[in-house]
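Take a look at the structure below.
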Amino acid sequence: MSEKVIIIGSGPAGLTAAIYASRANMKPLLFEGFQDGGIPGGQLMITSLVENFPGFPEGIMGPSLMSNMREQAVNLGARLIMEDVISVKLDSRPFTVISSSEETYTADALIIATGALARRLPLDSEKRLWGRGISACAVCDGALPAFRDKPLAVIGGGDTAVEEALHLTQFASKVYLIHRRDELRASKIMRERVLNHPKVEILWNKTVEEFIGDKSLSSLRLRDTVTGEFSEITAAGAFEAIGHQPNTAFLKNQLELDSQGYIITKPNSTAASIDGVFAAGDVQDTKYRQAITAAASGCQSVIDTEHFLNFLL
């Protein structure tokens with residue numbers, strides 16, 4: 001089964017790529033995924049109200065946004081397969097793609113948009129209250145009405161955690177920064193900013209043992225890593241900033257990756273280290289990680305792909 005272009009991933013980047021590739025008459029085939037690396041549709045499928053995606057004055061629920069994108073891609077002619085890609089062969093072109101049903105496909109070009117999973121705390125209470133006060137993106141959700149003028153918590157100690165804590169000070173009455181050690185891993189300038197901010201209280205040597213709440217988060221139960229003592233803080237929202245894991249295991253190091261496993265793309269391009277392979281969205285974005293930036297890079301990847309295919313002809 002030979003294709004002009006195969007897209008792997010069905011989040012904002014993958015579906016935007018499918019929309020643009022369909023309109024460019026590339027007849028794209030897209031693998032939505034099934035189990036590996038999250039669920040089809042990506043992280044927005046477990047996001048509640050999205051207020052910062054253009055075109056929706058009243059906001060839109062994450063699953064509805066992804067359903068709209070999927071329907072648009074299908075209406076324009078994209079073919080979607082709800083399977084995982086378990087392996088690819090990139091040492092020769094056309095590239096080979098093997099799905100979880102063990103079907104083999106080939107493609108002249110490949111767009112990888114498999115995203116990255118936010119690392120989450122392995123707590124039953126976290127799963128129960130996810131999306132009901134618990135989030136992995138303060139920039140996405142911090143301005144929601146439910147969090148305004150309320151105490152909020154950020155879990156983590158790196159630059160991302162500190163940036164999210166500082167971002168939340170615009171909306172929260174107070175921000176707790178919960179860190180399991182006695183020193184932040186964040187850069188010096190970020191440490192200074194958060195240590196000197198009047199709205200931020202850092203809770204050193206603390207881990208979250210339980211998220212408490214009925215229909216939504218109301219408080220967090222903490223354990224002191226030094227004394228073992230338990231305490232509780234009131235918070236309407238908790239934002240986990242403990243890192244992300246890019247979904248690149250199936251590549252088996254055939255592309256150039258950074259130390260965290262993200263695909264490295266060429267400057268001002270979505271092109272990966274092998275000609276004909278392009279990367280879009282969070283699988284190559286360690287900085288922004290927003291739905292709108294992922295969608296934008298999906299568009300860019302198709303423009304780059306089209307130029308590549310035209311050159312082949």
(Q) Being of a type in the set (A, V, I, L, M), modelled with pLDDT of 95 or more and more than 21 Å from Cys140 (Cβ to Cβ) narrows it down to one residue among Ala21, Ala13; which is it? (A) Ala21
Q | Filter result for the condition that a residue is of a type outside the set (Phe, Trp, Tyr), touching a helix residue (DSSP H, G or I) at 6+ places or on another chain (Cβ under 6 Å) and not assigned by TED's automatic domain parsing to the domain that holds Ile178, over Thr265, Thr248, Thr270 | A | Thr270
Q: Within the range 150-171, work out how many residues are without any contact (Cβ under 8 Å) to a residue 40 or more places away in the chain, of a type in the set (A, V, I, L, M) and either outside the structural domain of Cys137 (by TED's automatic domain parsing) or more than 19 Å from Arg120 (Cα to Cα) (or both).
A: 1
Q) Can you name the number of the only condition in (1) of a type in the set (A, V, I, L, M); (2) over 22 Å from Asn253 (Cα atoms); (3) not in a helix (DSSP H, G or I) that Ile6 fails? A) (2)
Q: Enumerate the helices (runs of 4 or more DSSP H) found wholly within the range 100-219, keeping only those where 2 or more residues are of a type in the set (Gly, Ala, Ser) and either in contact with a strand residue (DSSP E or B) (Cβ under 6 Å, 6 or more places away or on another chain) or modelled with pLDDT of 95 or more (or both).
A: 159-168
Q. Among Asp149, Asp182, which is the only one that is closer than 24 Å to Val50 by Cβ, among the charged types (D, E, K, R) and more than 19 Å from the chain's Cα centre (by Cα)?
A. Asp149
(Q) Which condition from (1) touching a Leu at 6+ places or on another chain (Cβ under 6 Å); (2) surrounded by fewer than 15 Cβ atoms within 10 Å (Cβ to Cβ) is the one that Leu168 breaks? (A) (2)
Q: Scan the range 77-99 for residues that are in a loop (DSSP other than H, G, I, E, B), surrounded by 15 or more Cβ atoms within 10 Å (Cβ to Cβ) and at negative phi and report the count.
A: 6
Q) Of Phe239, Phe211, Phe230, which residue is among the aromatic types (Phe, Trp, Tyr), surrounded by fewer than 16 Cβ atoms within 10 Å (Cβ to Cβ) and under 30 Å from Phe147 (Cα atoms)? A) Phe230
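The values are calculated or read from the model by the stated rules, or taken from the named source; none is laboratory data. In this text the structure is predicted, and so the values were computed from the model without any measurement. For neighbour counting, all protein chains shown are included, and Cβ atoms are generated from backbone atoms with ideal geometry for every residue, glycine included.
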